[in-house]
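**Student:** Below are the structure tokens for one structure; questions will follow.
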């Protein structure tokens with residue numbers, strides 16, 4: 001009986017070790033799979049032009065936002081409220097900072113100032129610091145499309161006119177470096193163009 005008891009005890013310990021090993025292996029598989037999924041996540045960059053600015057004084061090089069512009073800034077924060085933004089970049093102008101301030105406040109993100117004169121270097125820095133993350137960049141009518149190109153994408157529209165404020169661009173960069181650009185509208189329409197369209201470019 002004593003020998004049989006030790007045999008049963010040995011088998012129990014053996015099966016317990018097997019179960020423990022299976023749990024460990026399963027846990028390691030889950031961890032490895034999680035890391036693989038994380039690595040496969042694309043880098044997503046949202047780009048918009050600043051919201052409507054005050055144009056009553058042509059000598060004012062750093063104007064504030066109009067009432068419509070302030071509303072658009074809130075619309076931007078609302079559009080991205082479900083997105084976890086890792087970084088926000090803007091140039092050192094009041095209209096840019098005011099456009100991004102609502103979402104920066106809501107998501108408690110510090111605004112990073114960038115220099116638009118070297119967009120290629122800026123784009124490389126953004127991609128280096130935010131791999132597999134989501135980023136928001138606020139620019140100007142003469143820098144937004146150029147930034148898309150600096151990121152490796154093709155501009156989905158030929159240009160941005162002075163009265164166009166409601167474009168919302170998304171640049172997705174896969175782990176393999178494939179770039180997809182999506183263009184849509186957000187918030188209220190522009191004063192001369194109330195069409196809300198969606199386009200894609202690669």
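**Student:** Treat each spin label as a single point 7 Å out from the Cα along the C-beta direction, and report the residue 129 to residue 61 distance in nm.
**Tutor:** 2.5 nm
**Student:** Next question. How much length, in nm to one decimal, is gained on full extension between residue 149 and residue 120, taken as 0.36 nm per residue of separation minus their Cα-Cα distance?
**Tutor:** Numbers: separation 29, 0.36 × 29 = 10.44 nm, distance 0.87 nm.
Fully extending the segment from residue 149 to residue 120 adds 9.6 nm.
**Student:** Could you work out the mean projected area of the convex hull around the alpha carbons of segment 69-202, in square nanometres to one decimal?
**Tutor:** Working: hull surface 30.7 nm².
Taking a quarter of the hull surface, the average projection is 7.7 nm².
**Student:** Then there is this: Rank the residues 99, 66 as a footprinting-exposure proxy: fewest other Cβ atoms within 10 Å of their Cβ go first.
**Tutor:** On the way: 99 28, 66 17.
Arranged by neighbour count, lowest to highest, 99, 66 become 66, 99.
**Student:** So what does the Cα-only Debye profile of segment 86-156 read at q = 0.19, 0.22, 0.25 Å⁻¹, as log10 I(q)/I(0), no solvent term?
**Tutor:** -0.76, -1.01, -1.24
**Student:** Right, next: If we count other beta carbons within 10 Å of each Cβ, what is the order of 185, 95, fewest first? Working shown, then result.
**Tutor:** Working: 185 18, 95 23.
Neighbour counts put them in this order, fewest first: 185, 95.
**Student:** If you scale each eigenvalue of the Cα gyration tensor by 5 and take the root, what three semi-axes come out for segment 50-105, rounded to whole angstrom and sorted largest first?
**Tutor:** On the way: eigenvalues 104, 31, 7 Å².
Computed over segment 50-105, the values are 23, 13, 6 Å.
**Student:** With the contact rule set at Cα under 8 Å and sequence spacing of 6 or more, what percent relative contact order holds for segment 42-201?
**Tutor:** Numbers: 307 pairs, mean separation 46.0, N = 160.
Relative contact order of segment 42-201: 29 percent.
Values quoted throughout were computed directly from the atomic coordinates according to the rules given, and no laboratory measurement underlies them. Being a predicted model, the structure only gives us computed values, none of them experimental. Don't worry about glycine lacking a Cβ; one is built from the backbone with ideal geometry, like all the others, and counts go over all protein chains shown.
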